[in-house]
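Everything on this sheet refers to the single structure shown next.
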Amino acid sequence: MNYEGWIETCDVDDIEEEDVIRFDYEDRTFAIYRTIKSEYYATDGYCTHERFHLADGLVMGTQIECPKHNGRLDFTTGEAKRAPICESIRTYPVKIDGGKIFIKVD
């Protein structure tokens, strides 16, 4: 479903607590996160360092550790937190409706 720029990604239960999944839409890819407090976030899917997909990484609190070189990003703000990642990542608004996770990409 796509309405007013919001894209349906998955069910809330498709993501375990403190985990991340990949979501592909048209020619783009995203990472959808769930915190230990069941808060949901979304970023671009690829690490800004060497373009490895963040869905293969490790979620720790509100940070994602890239699976390639162990750099970290704060997925709530997009801020680079640990080298070798120096460039922040784009984040997207998330809303929950009827047990579904939506992201706003436009």
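The values are calculated or read from the model by the stated rules, or taken from the named source; none is laboratory data. Not measured: the values here are computed from a predicted model. Positions of Cβ are backbone-derived with ideal geometry, glycine not excepted, and every protein chain shown enters the neighbour counts.
Looking only at residues in the range 69-80 that are surrounded by fewer than 17 Cβ atoms within 10 Å (Cβ to Cβ) and modelled with pLDDT under 95, the one that is farthest from Lys37 (Cα to Cα) is His69. Pairs are defined by a Cβ separation below 6 Å, a sequence spacing of at least 6 or placement on different chains, a first member in the range 31-59 that is without any contact (Cβ under 8 Å) to a residue 60 or more places away in the chain and under 14 Å from Glu16 (Cα atoms), and a second member that is β-branched (Val, Ile, Thr) and assigned to a loop (DSSP other than H, G, I, E, B); the pairs so defined are Arg34/Ile15; Tyr41/Thr76. Do you know which residues across the range 11-21 are assigned to a strand (DSSP E or B) and exposed (fewer than 15 other Cβ atoms within 10 Å of the Cβ)? Correct list: Asp11 only. Listed by first and then second residue, the pairs linking a residue in the range 94-105 that is within 13 Å of Ile15 (Cβ to Cβ) to a residue that is charged (D, E, K, R) and buried (at least 16 other Cβ atoms within 10 Å of the Cβ), with Cβ atoms under 8 Å apart and 6 or more places separating them unless they lie on different chains, are Lys100/Glu8; Ile101/Glu8. Every listed requirement among (1) β-branched (Val, Ile, Thr); (2) assigned to a loop (DSSP other than H, G, I, E, B); (3) more than 20 Å from Lys104 (Cβ to Cβ) is met by Thr76 save one, (3). Among the residues of the range 35-73, those that are in contact with an Asp or Glu (Cβ under 6 Å, 6 or more places away or on another chain) and outside any loop (DSSP other than H, G, I, E, B) comprise Leu58, Val59, Gln63, Arg72.
Filtered by the rule that a residue be under 16 Å from Gly45 (Cβ atoms) and assigned to a loop (DSSP other than H, G, I, E, B), the range 79-106 gives Ile85, Glu87, Ser88, Ile89, Arg90, Val105. Looking across the range 52-68 at every residue that is crowded, with 17+ Cβ neighbours inside 10 Å and among the hydrophobic types (A, V, I, L, M, F, W, C), the one that is farthest from Asp27 (Cα to Cα) is identified as Val59. Right, Gly99: under 20 Å from Gly5 (Cα atoms) and in contact with a strand residue (DSSP E or B) (Cβ under 9 Å, 6 or more places away or on another chain) or not? Spelling it out, Gly99 is indeed under 20 Å from Gly5 (Cα atoms) and in contact with a strand residue (DSSP E or B) (Cβ under 9 Å, 6 or more places away or on another chain). Being surrounded by fewer than 17 Cβ atoms within 10 Å (Cβ to Cβ) and either within 15 Å of Cys10 (Cβ to Cβ) or touching a Pro at 6+ places or on another chain (Cβ under 8 Å) (or both) is a property that does not hold for His49. Could you tell me whether any residue of the range 86-93 is surrounded by fewer than 17 Cβ atoms within 10 Å (Cβ to Cβ), in contact (Cβ under 8 Å) with a residue 60 or more places away in the chain, closer than 21 Å to Asp13 by Cβ and out of contact with any Pro (no Cβ under 9 Å at 6 or more places or on another chain)? There is no residue in the range 86-93 that is surrounded by fewer than 17 Cβ atoms within 10 Å (Cβ to Cβ), in contact (Cβ under 8 Å) with a residue 60 or more places away in the chain, closer than 21 Å to Asp13 by Cβ and out of contact with any Pro (no Cβ under 9 Å at 6 or more places or on another chain).
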